[in-house]
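Note sheet for the following structure.
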Amino acid sequence: KLSFVVPKDLPLGKYSVWVTNKNGTSKNQGFDISFVVTNNPAKRPIVESISPSPALYDEEIVISGSGFTSFGNSVYSSFGNVQNLPSSDGKTLRLKISSLSQIYKIKDVINLVKGKNLEAYLYVKNENGISKDPAVFYVKM
């Protein structure tokens, strides 16, 4: 865990954060971390539920919560990612399990997992931030 204090008089804007120590630096390593100082903060996405759970491989899931934007929502999950999902109401996102970028790899070991519920975690990220805690859902293979 790493924490720092943001000065109260820091001008509005986007700021990059990185760590440098005797082992090197995290700057420019392909995973930029930043924060935005604003006078009109928006609430980060919150995932309240995922249904159905368990979902079948080709089934659509509905992610319910709040703080979703009309476009540009990304889902990061144990089974891969999906970018640029729309939300018409700011409360729901819809996607097919089969659209998750790494789910196809499970097909390689389908005989080992057939009939089982596989646990997965997901976060939602958009221009307002990333959901704080992972949401859990299950996929029935």
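What residue among K43, K105, K22 has the largest mean-square fluctuation in a Gaussian network model of the chain, using Cα springs under 10 Å?
Ranking K43, K105, K22 by mean-square fluctuation puts K22 first.
Which whole-number percent is the relative contact order of the range 61-141 (Cα, under 8 Å, 6+ apart)?
30 percent
Could you grab the Rg to Rh ratio for the range 1-61? Cα atoms only, Kirkwood for Rh.
Radius of gyration over Kirkwood radius for the range 1-61 works out to 1.16.
In nm, give the distance between the simple-model label positions of K43 and L56, each being 7 Å from the Cα along the Cα-to-Cβ direction.
3.5 nm
For the range 19-82, which whole-number percentage of the solvent-accessible area (1.4 Å probe, protein heavy atoms only) is attributable to carbon and sulfur atoms? Walk me through the numbers on the way to the answer.
On the way: 2050 of 4060 Å².
Carbon and sulfur: 50 percent of the exposed surface of the range 19-82.
Can you give the helix-only mean residue ellipticity at 222 nm for the chain, where every DSSP H stretch with n ≥ 4 adds -39500 (n - 2.57) and the sum goes over all residues, rounded to the nearest 500 deg cm²/dmol?
Value at 222 nm, helices only: -500 deg cm²/dmol.
Give me the 1.4 Å probe accessible area per residue for the chain, excluding ligands and nucleic acids, in Å².
Heavy-atom accessible area per residue stands at 69 Å².
Using alpha carbon coordinates only, what is the Rg to Rh ratio of the range 95-141, with Rh defined as the Kirkwood radius?
Here Rg/Rh amounts to 1.06.
Under a straight-distance cross-link criterion of Cα-Cα below 29 Å, which lysines are reachable from K125, leaving out those fewer than 8 residues away in the same chain?
Within reach: K1, K8, K14, K27, K43, K91, K96, K105, K107, K116, K140.
Let me make sure I get this right: for the range 1-134, a, b and c are the square roots of the gyration tensor eigenvalues over alpha carbons, sorted descending. Under 1.5 in a/c it's rounded, otherwise prolate if a/b > b/c, else oblate. Which is it? Intermediate values should be presented prior to the final figure.
Numbers: a/c = 2.83, a/b = 1.56, b/c = 1.81.
Oblate, since a/c reaches 1.5 and b/c is not below a/b.
The values are calculated or read from the model by the stated rules, or taken from the named source; none is laboratory data. Because the structure is predicted, anything quoted here is derived from the model rather than measured. Positions of Cβ are backbone-derived with ideal geometry, glycine not excepted, and every protein chain shown enters the neighbour counts. Only protein heavy atoms, including side chains, enter the accessible area calculation; ligands, DNA and RNA are left aside. Shrake-Rupley method; radii C 1.70, N 1.55, O 1.52, S 1.80 Å.
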